[in-house]
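First comes the structure, then the notes that go with it.
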Amino acid sequence: KKGYVMRKCCFDANGKKTPFGRRGWKMFYCTLRDLVLYLHKDEHGFRRSQMSDNLHNAIRIHHALATKATDYTKKQHVFRLQTADQAEYLFQTSDSKELCSWVETINFV
Ligand code: I3P
């Protein structure tokens, strides 16, 4: 699965709160492949990039959990992603169908 999303970092690895200045929303082209979410500036990023670039913003989703962020009311169509290393992100999708599709894809791969 692929597509544009907005991402906000809430907690870094080991549940450490993401510091102010790095908590903003940022747009990425997201590619889910082999249990990794790759985040790039645009849809050409994956093809153009070196593997080291790919891994820079990559999130491993093995043993991760995606849930609709019903408690986050500032934006619509947002899901929360909690990873095995206890990082936490919010992702805003374009509509409710995309939201369900990302959540299901992440949880059932
Ligand atoms: C953050 C940015 C986010 C905001 C976050 C700020 O500042 O304004 O949009 O989250 O608030 O810290 P910065 O870009 O300097 O990191 P919301 O959009 O959810 O309000 P937060 O610290 O309460 O998460």
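The values are calculated or read from the model by the stated rules, or taken from the named source; none is laboratory data. Because the structure is predicted, anything quoted here is derived from the model rather than measured. No Cβ is skipped: glycine too gets one built from the backbone with ideal geometry, and neighbour counts run over all protein chains shown.
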Tell me, which strands (runs of 3 or more DSSP E) wholly within the stretch 13-107 include 1 or more residues that are of a type in the set (Ser, Thr, Tyr) and farther than 14 Å from Lys2 by Cβ? 65-68, 88-92
Subset of the stretch 8-36 (residues that are within 9 Å of the ligand (Cβ to nearest atom), closer than 14 Å to Tyr89 by Cβ and aromatic (Phe, Trp, Tyr)): Trp25
Taking interchain pairs and intrachain pairs at least six residues apart, which have beta carbon atoms under 7 angstrom, with the first residue in the stretch 9-25 and among the basic types (Lys, Arg) and the second surrounded by 15 or more Cβ atoms within 10 Å (Cβ to Cβ)? Lys17/Phe11; Arg22/Cys9; Arg23/Lys8; Arg23/Cys9
Anything in the stretch 7-41 that is touching a Ser or Thr at 6+ places or on another chain (Cβ under 9 Å) and surrounded by 15 or more Cβ atoms within 10 Å (Cβ to Cβ)? List them, or say none. Lys8, Cys9, Cys10, Phe11, Asp12, Leu32, Leu37, Tyr38, Leu39, His40
Answer from Gln50, Gln82 - the residue that is out of contact with any helix residue (DSSP H, G or I) (no Cβ under 7 Å at 6 or more places or on another chain) and modelled with pLDDT under 95: Gln50
Looking at the stretch 57-81, I want the residues that are farther than 15 Å from Lys97 by Cα and have a partner that is within 13 Å of the ligand (Cβ to nearest atom) and part of a loop (DSSP other than H, G, I, E, B) with Cβ atoms under 7 Å, at least 6 apart or on another chain. Which pairs are those? Arg80/Ala69
Does any residue of the stretch 44-51 turn out to be touching a residue at least 12 places away in the same chain (Cβ under 8 Å) and either under 26 Å from Cys100 (Cβ atoms) or in contact with a Leu (Cβ under 6 Å, 6 or more places away or on another chain) (or both)? yes
Counting only residues that are away from the ligand (no atom under 16 Å from the Cβ) and within 17 Å of Phe28 (Cα to Cα), how many does the stretch 81-100 have? 4
